[in-house]
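None of the figures in this text is laboratory data; all of them are computed from the coordinates on show. Since we're looking at a predicted model, the values are computed, not measured. Don't worry about glycine lacking a Cβ; one is built from the backbone with ideal geometry, like all the others, and counts go over all protein chains shown.
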Amino acid sequence: MALFGRSPFKPIQAHMEKSRACVERIKPIINSVIDNEPAEFDRLFKEISDLESEADIIKNDIRSHLPKSIFLPIDRRDLLEILDIQEELPDTIQDIAILLTLRPLKLPADMKEPLNNLIDEVTKVCGQAADMIQEFDELVETSFGGQEAKKVLAMIEQINADETVADGTERAAAKKLFDLEKEIEVLDVIMWSRVINKLGDLADSAERMANRLRLMIAK
């Protein structure tokens, strides 16, 4: 129970910060592949693996101790659902990192900008979700009402709007990739397409997290 301290919501926030740290490494690790920097890739791969493992430890500790708490002001199932969605972020990023190890990948120069645009949009949405989760304890203290609820609802609306932008950026990156398919090997097209889809999954997870919190506020 030491992890929980006085607030059962701090571990949820700590887990989300590990997830945020994973997200922040997705752009440099992808660019280390594009720029053929194997030493940098190996360093970032280890950091992502370590962060994912640390997030797992926090998640498992929460799952072990949360049901034993004497009192919670909200349904435990709601907290655990938020946690499950959060866990998708480091898991997906680790999946992307593993994909990048399966074969040497090349990317046409014209593809780098649309891919980085997608990464930037996804990183933005996930960062906003992390900021939202950092409001969790304040939200609970105000019983999911008042100015704090209005603040969080505004954050949720922004996440929804920016996830829509990320969706469009994902489609643009995918279209550009297939426009350039004659310039790269078929297997590279397939692998980069999978990376693009996984990046889109990150933004989707952030939006689902926001929408889940919206439902908790509405209860």
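Quick notes on this one:
- Selection from region 131-156 of residues that are under 13 Å from ALA218 (Cα atoms), small (Gly, Ala, Ser) and out of contact with any helix residue (DSSP H, G or I) (no Cβ under 9 Å at 6 or more places or on another chain): GLY146
- Here ALA161 passes the criteria (1) assigned to a helix (DSSP H, G or I); (2) buried (at least 16 other Cβ atoms within 10 Å of the Cβ); (3) not basic (Lys, Arg) except the one numbered (2).
- Index of the failed condition, ARG103 passing every other in (1) part of a loop (DSSP other than H, G, I, E, B); (2) under 15 Å from ILE196 (Cα atoms); (3) in contact with a Leu (Cβ under 9 Å, 6 or more places away or on another chain): (2)
- For region 32-53, a residue qualifies if it is over 14 Å from ILE93 (Cα atoms) and in a helix (DSSP H, G or I), and the qualifying residues are SER32, VAL33, ILE34, PRO38, ALA39, GLU40, ASP42, ARG43.
- Test result for ILE133, surrounded by 15 or more Cβ atoms within 10 Å (Cβ to Cβ) and within 21 Å of ARG214 (Cα to Cα): yes
- Among residues that are surrounded by fewer than 17 Cβ atoms within 10 Å (Cβ to Cβ), over 27 Å from HIS15 (Cβ atoms) and either of a type in the set (Phe, Trp, Tyr) or out of contact with any Phe, Trp or Tyr (no Cβ under 9 Å at 6 or more places or on another chain) (or both), LYS150 is not included.
- Out of LYS182, LYS176, LYS198, one residue alone is within 30 Å of PHE9 (Cβ to Cβ), part of a helix (DSSP H, G or I) and of a type in the set (Lys, Arg). It is LYS198.
- Any hit, region 176-188, residues being surrounded by 14 or more Cβ atoms within 10 Å (Cβ to Cβ) and basic (Lys, Arg): yes
Yes/no matrix, rows are residues, columns are (1) in contact with a helix residue (DSSP H, G or I) (Cβ under 9 Å, 6 or more places away or on another chain); (2) more than 21 Å from ARG214 (Cα to Cα); (3) surrounded by 19 or more Cβ atoms within 10 Å (Cβ to Cβ); (4) touching a residue at least 12 places away in the same chain (Cβ under 8 Å):
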residue	(1), (2), (3), (4)
ALA55	yes, yes, yes, yes
ILE62	yes, yes, yes, yes
ASP84	yes, no, no, no
ASP91	yes, yes, no, yes
THR101	yes, yes, no, yes
PRO104	yes, yes, no, no
ASP110	yes, yes, no, yes
CYS126	yes, no, yes, yes
ALA129	yes, no, yes, yes
